[in-house]
């Protein structure tokens with residue numbers, strides 16, 4: 001919002017003050033009955049973000065009170081009745097003095113304050129950008145303004161006849177230095193960009209119109225080269241299986257030409273940046289040439305190369321700060337110390353989004369915290385979360401108690417960065433409850449609040465939310481939300497990143513008791529609102545209750561689907577060495593039915609489970625072979641992938657590619673190793689994988705009668721749809737087939 005056409009001289013503002021009659025010897029009103037003799041004061045040459053903050057203050061005050069306070073540009077502060085905005089960089093000595101008294105000093109952190117002093121109100125910070133935050137705090141804490149989600153329908157501004165200004169003295173040091181909700185799918189959405197600033201988020205802008213409100217960051221999957229350059233510079237491309245390959249787009253990091261091209265790219269994107277965070281192209285094989293692999297540890301290999309690039313970039317931009325990301329094969333803790341980075345954000349696709357981080361019954365989070373704590377010995381750390389990516393469909397997730405535990409734990413550990421992806425998909429003609437910014441609105445709001453203050457009372461936040469959204473129906477809606485959250489917290493299932501089908505978890509989350517309770521609370525809330533005189537406010541409240549009903553109904557639908565598609569299979573027993581030709585074939589399915597013909601068979605002996613997958617292929621010359629050996633990255637090859645649920649709540653991930661290379665992980669822990677075998681053979685129109693999983697490697701003995709394993713077997717190819725048994729299900733144990741043994 002820009003400054004309105006009400007910038008006046010100090011003399012004109014003084015004349016307006018004389019005409020305002022409410023200021024007798026007693027109360028000091030900021031406004032009363034739609035009038036005010038106060039003004040908003042900025043220095044003569046304000047920073048752009050300070051002018052924006054003044055405009056936000058002015059327009060919001062007018063919406064609440066009807067009074068339009070003039071914005072005054074001056075180098076001489078008025079003696080009384082001024083809201084003065086500024087920072088320790090202000091040209092006004094009085095502003096600098098109050099800011100210093102409030103603890104605002106030069107720092108990487110945002111330090112902010114609000115104080116009444118000598119008849120004026122000061123909203124100050126340690127940088128011009130951070131002046132936004134005391135402005136929004138004043139509007140929220142003192143005047144009741146709320147911006148619950150982006151857009152007008154998420155804005156709640158009360159109408160006040162008067163506000164009496166008392167003694168104010170508030171200061172805040174946010175729990176995390178760098179705070180971000182990262183827009184996905186609908187990038188740079190302007191209402192979302194404005195909303196993020198109102199929540200105290202200081203990173204994540206993807207729109208040039210609002211970038212001045214945020215710490216400017218450059219970089220993403222930046223290190224790599226496009227295929228069209230292969231003819232000109234084949235030596236810049238990754239070597240795989242002894243050959244420079246057109247799909248080796250990750251590049252050859254030991255090649256001087258490629259390295260200089262990457263330095264030039266980083267320089268070009270860093271000219272307006274405060275922090276650079278660049279990393280390799282996503283999901284592609286890395287170079288295997290002798291020079292690139294001289295350093296065996298893939299994590300150290302990347303961070304050493306990144307430091308080499310940054311050393312050159314800083315010759316042009318010596319004050320550029322840089323950050324890194326722990327992701328893919330460089331997500332493992334490096335053997336060498338990390339150099340030259342402000343922080344590293346640990347991509348936490350290995351945490352469970354149900355349980356607290358220290359839950360002794362959650363092996364997923366125990367492992368994730370071990371890795372994060374090992375990382376903390378190497379670098380200053382932050383986290384990159386995937387809280388809102390866990391389902392492939394829109395689902396409201398009542399996991400705010402988990403969010404509060406996470407924020408408090410990370411603040412206690414000294415993490416400086418909190419970031420999670422924020423899908424804001426807005427499909428054309430979608431119903432309101434089908435849009436992510438609506439379905440996850442409460443959790444987006446709570447997450448942002450916790451990054452600002454990790455000790456935020458989440459129950460109090462929900463109480464406040466319900467009062468604003470549901471009016472007379474607040475109490476029953478509050479009971480519903482807290483009950484739904486309690487049922488989420490009690491689940492024994494584990495769920496992590498990403499794209500799971502919600503019906504897998506619905507069987508554990510949902511119950512008839514919860515359904516009856518929720519519908520009872522919805523009905524009670526609607527009755528309470530309808531008992532009030534009908535107004536625009538009550539119609540809005542009924543619409544919000546209806547939205548919550550619709551969001552809960554999505555979970556009811558998922559629960560019904562889960563009960564329809566519970567797959568069980570009794571594994572036949574055969575002697576060791578039995579030909580798979582004698583074993584019954586199991587149906588393989590895909591999401592759309594357009595997958596390549598594939599056959600699968602299972603049988604068991606007393607010692608092992610045996611699996612065969614026959615992958616028919618008309619174009620054998622187009623198969624991606626992949627690397628040989630153990631623990632190879634096999635995602636960029638034709639492969640057979642197995643997910644197995646056995647006992648400890650973590651999925652076991654096993655894979656074999658066309659070349660016979662294997663991969664294994666316990667959850668996301670790829671350092672886990674277990675004894676199993678996988679062989680492949682090729683024919684004219686097919687390739688076959690045969691896999692043996694010894695029971696002694698997965699729990700010690702053959703499961704007892706009535707016990708079962710969870711199993712998903714998947715055929716992956718880069719050219720056609722994935723398929724498998726019971727379907728192409730990744731990571732989500734609750735959706736996999738239950739297999740019983742004779």
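Only the coordinates and a few stated rules stand behind these numbers; no lab work does. The model shown is predicted, which means the values in this text are computed figures rather than measured ones. Quick reminder, even Gly has a Cβ in these numbers, built from the backbone with ideal geometry, and neighbours come from all protein chains shown.
Listed values [x] 1.39; [y] 1.71; [z] 1.09 include one computed from this model; for Cα Rg over 2.2 N^0.38 Å that value carries the label [z].
The share of Cα pairs per 5 Å bin across the range 306-375, counted from zero up to the longest distance, runs 3, 15, 22, 18, 14, 12, 8, 5, 3, 1, 0 percent.
Per residue, the average separation of C-alpha pairs within less than 8 Å and at least 6 apart gives the range 365-523 a relative contact order of 30 percent. Calculated on C-alpha atoms, the gyration radius of the range 521-604 divided by its Kirkwood radius gives an Rg/Rh of 1.42.
With a simple spin-label model that places each label point 7 Å from the Cα along the Cα-to-Cβ direction, the separation between residue 576 and residue 246 comes to 4.8 nm.
Per residue, the average separation of C-alpha pairs within less than 8 Å and at least 6 apart gives the range 568-741 a relative contact order of 27 percent. The spacing between the range 55-122 and the range 225-259, judged by their C-alpha centroids, is 55 Å.
Rounded to the nearest 0.05, what FRET efficiency is calculated for residue 274 and residue 519 with R0 set to 45 Å and r the Cβ-Cβ distance? Don't skip to the end; give the middle numbers.
On the way: r = 50 Å, r/R0 = 1.12.
The calculated FRET efficiency here is 0.35.
Maximal additional length on extending the residue 464-residue 670 stretch stands at 69.8 nm, based on 0.36 nm per residue less the C-alpha distance.
Against the empirical curve 2.2 N^0.38 Å, the C-alpha radius of gyration of the range 568-741 lands at a ratio of 0.96.
The angle separating the long axis of helix 536-564 from the principal Cα axis of greatest extent in the chain is about 10 degrees. Note on the chain: antiparallel DSSP beta bridges, both residues inside, total approximately 60 percent of the bridges counted. Exposure proxy for 297, 457: other Cβ atoms within 10 Å of each Cβ, ordered fewest to most, give 457, 297. The mean sequence distance of close C-alpha pairs (under 8 Å, at least 6 residues apart), as a share of the length of the chain, puts its relative contact order at 8 percent. Subtracting the Cα-Cα distance of residue 59 and residue 211 from their residue separation scaled by 0.36 nm leaves 52.6 nm.
For the range 7-173, how big is the tail of P(r) above 29 Å, as a whole percent of Cα pairs? Walk me through the intermediate numbers first.
Details: 1928 of 13861 pairs.
The answer is 14 percent, as a whole percent.
Going highest first, how would you order 42-50, 312-320, 245-253 by mean Cβ packing within 10 Å?
Top of the packing list down: 245-253, 42-50, 312-320.
Put in line by how crowded their Cβ is, counting other Cβ atoms within 10 Å and starting with the fewest, 451, 677, 456 read 677, 456, 451.
Helix 458-470 axis versus longest C-alpha principal axis of the chain: approximately 70°, rounded to the nearest ten.
With respect to the chain, whose longest principal axis is taken over its alpha-carbon atoms, helix 512-530 is tilted by about 20°. Sorted fewest first by neighbouring Cβ atoms within 10 angstrom, 358, 566 come out as 358, 566. Could you tell me the center-to-center distance, by alpha carbons, between the range 436-498 and the range 381-401 in angstrom? If we compute the Cα centre of each part, the gap is 13 Å.
If the segment from residue 412 to residue 681 were pulled out straight at 0.36 nm per residue, it would be longer than the present Cα-Cα gap by 91.5 nm. Ordering 582-593, 432-443, 129-140, 254-265 by mean Cβ neighbour count within 10 Å, with the highest value first, yields 129-140, 432-443, 254-265, 582-593.
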